[in-house]
Amino acid sequence: MTKPQTWLAPCPPDQGGVCSICFFGALSIVLAACIPLFLYPEAGERVINTMFSFVTKEMGWLYMLAGAATFTLLMWFAFGPFGNKRLGEKIEYSTFSWIGMLFCAGVGAGIMFGGSIDWAYYAAYPMHGEPAASPKAYEWGTAYGMFHWGPICWSIYAVLAVPIGYSYYVKRIPILNISQACVGLLGKQASGWMGKVIDILFMTGLVAGSATALGLGIPIVAATVASVSGIEHSFWLEFGTLIFVTAIFCVSSSLGLKKGMSKLSDINVYMALGLLLFVFIVGPTLFLTDMAISSLGLMIQEFVRMATWTDPMGSSGFSKDWTIFYYAWFVAYAPFMSLFIAKISRGRTVRQVVLGPIIIASLGCGCFYLVFGNYGLHLQLTDQLDVVELVKHVKGATAIMMIADTIPLSSLYKLAFGLVTAISMATTFDAVSFALAATTTLKLTPDEEPARWNRLFWAICLGLVPTGIMLIDGPLSILQTASIVAGLPVLGVIALGVTAFLREYRHTGWVEYDTAACVS
């Protein structure tokens, strides 16, 4: 087979080796979205709600199809002709650190929030013929929690990891961004204006998706501080929490991936496992075990139905409000997670890169719903705490703290819960900032990392959107909309990257490129 020409014509270099077009293009869009929220909060909330309604009602089917398609594609990646192909020569991280980093980067604080009380939000909806707040609806709620953070979620996350890893480690192109994965389809335009548009769309979607994760996590940490110390839960407490999380990130970022995020992720995984084990032991262990088996069985049995249920004949709104929200959030995150998975997966096989997230990370996410979620459900069923009614009147973070009040050693537990949430956000900050900085860096070999100032700059920018949402005291729907709207154009980016990779593979096969063929 003839090796195709490798096109590399990046932006003209400026000081620090940063692509000015991508850097300032993405920054301009972020500022354009945030400044109106600061200046006109009420009008901003109305516009956001209108956009959310339009996208979920008119375009929800597209997200559902995209989710099913990515899962099918990755199964072919894992068990198809290049399942045993390797992305590079040597494995860079231990399996535990590798899983810990991709898990912490992918779930952030979202799993701490959703794993605890998603089921209570779901209980307000009649699902699959079951009335709202019925015993069967509760079981569906737990199953849907695991489904939303399960194999399709991680398929969306990992869908571009193989194309990006192929470009970076096999073709040995020293540029770590999304547009270079599209060379097989776009040719020279991947390094021209079309490539810049792709990278800017990716960066914008990533900032919006990160705003959702931070907007869910910051109130939890602030509520922890308020609950334990008695300080009033206010905007300024949440803003201070955001600064605290950023400080944790700064330390991690300054140490780099190997000494910083890798170690921080390991610590966070151990702490999260400790919390899960503690609740499992001191809580209703038999109930948690029975519900885990039942809910897991229901999800496996009804997987295809859940993946395609748009509720066209009903009016519950569950699919649009939750399944499509989660899919859109994952889509907005997908290029970033794929880029990050590719970066930390040096030396691993395609099958490992695909099945690691889909199987291991999905099981990890499921544990949060099976333990934290089912503990709250037990309080509901035994009339100890009406969580379903509670989430209708107070913010989710407050409800989580009220659930925590029923756990032995509650103050200590809440502090640990808040710390894990904070570290989860810090690792997400670290990974997202790495991806944004890598995208704006002109040349980045596998042994290098983006400039520290570049990563720190994007970390600060990531705080702008959730700050604006906190300022208007927006409900969860505001966060949902940020992901929904930003995720829509990113779908096109994912389609381009996958199509380009498959087209190149069909023409050339899995070809090792010479380092000398790559130009800076």
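Read the figures in this text as sums done on the coordinates, not as results from a lab. These numbers were taken from a predicted model, which means no experiment stands behind them. In this analysis, Cβ positions are derived from the backbone assuming ideal geometry, glycine residues included, and neighbour counts consider all displayed protein chains.
Exposure proxy for Trp193, Trp98, Trp119: other Cβ atoms within 10 Å of each Cβ, ordered fewest to most, give Trp193, Trp98, Trp119. With Cα atoms as the point set, segment 87-178 shows a radius of gyration and Dmax of 18.8, 56 Å. With the simple model of a label 7 Å out from the Cα in the direction of the Cβ, Ile359 to Leu65 spans 3.1 nm. The calculated FRET efficiency for Leu381 paired with Met271, based on their beta-carbon distance and R0 = 35 Å, is about 0.75. Fully extending the segment from Leu412 to Phe54, taken as 0.36 nm per residue of separation minus the present Cα-Cα distance, adds 124.5 nm. Calculated from the alpha-carbon coordinates, segment 328-473 shows an Rg and a Dmax of 19.4, 59 Å respectively. For segment 276-404, the Kirkwood hydrodynamic radius comes to 17.6 Å, computed from all pairs of different C-alpha atoms. Using the Cβ-Cβ distance between Thr285 and Trp453 with R0 set to 51 Å, the FRET efficiency works out to roughly 0.55. Computing FRET efficiency as 1/(1 + (r/R0)^6) for Trp193 and Trp76, where r is the C-beta to C-beta distance and R0 is 30 Å, gives about 0.40.
What's the extension gain from Thr445 to Asp405 if we count 0.36 nm per residue and subtract their Cα-Cα distance? Mind showing how you got there, number by number?
On the way: separation 40, 0.36 × 40 = 14.40 nm, distance 4.93 nm.
Full extension from Thr445 to Asp405 adds 9.5 nm.
Simple rule: put +1 on each Lys or Arg Cβ and -1 on each Asp or Glu Cβ in segment 253-397, find the dipole, and look at Val387, Ser265, Gly364; the Cα lying farthest toward the positive end is Ser265. Packing, as the average of other Cβ atoms within 10 Å across residues, places the peptides 371-380, 499-508 in the order 371-380, 499-508, highest first.
Label sites at Glu302 and Ala247, each approximated as a point 7 angstrom past Cα along Cα to Cβ, lie 4.6 nm apart.
Place the peptides 280-286, 121-127, 67-73 in order of packing, highest mean first, counting for every residue the other Cβ atoms within 10 Å and averaging per peptide.
Answer by packing, highest mean first, reads 121-127, 67-73, 280-286.
Volume per residue for segment 258-298 equals 63 cubic angstrom (convex hull of Cα atoms). Across segment 430-443, rounded Karplus estimates of 3J(HN,Hα) from the backbone phi angles (6.51 cos²θ - 1.76 cosθ + 1.60, θ = phi - 60°) give 4, 5, 5, 4, 4, 5, 5, 5, 5, 5, 8, 8, 5, 9 Hz, Gly and Pro being marked x.
Placing pseudo-labels 7 Å out from each Cα toward the beta carbon at Glu89 and Lys395 gives an inter-label distance of 5.2 nm. Size of segment 282-338: Rg and Dmax of its alpha carbons, in Å, are 15.5, 43.
Farthest towards the positive end of the charge dipole of segment 89-201, among the residues Thr95, Ile173, Ala109, is the Cα of Ile173, using unit charges on the Cβ of Lys, Arg, Asp and Glu.
Under 5 Å between amide hydrogens, built in the peptide plane, is the criterion, and for Thr441 it picks out Cys19 among residues at least 5 positions away or on other chains.
Protection proxy ranking, highest mean first, for peptides 317-323, 305-311, 239-245: 317-323, 239-245, 305-311, where packing is the per-residue count of other beta-carbon atoms within 10 Å, averaged. Extension gain, Ser229-Ser315: 0.36 nm per intervening residue step, less the Cα-Cα distance, totals 26.6 nm.
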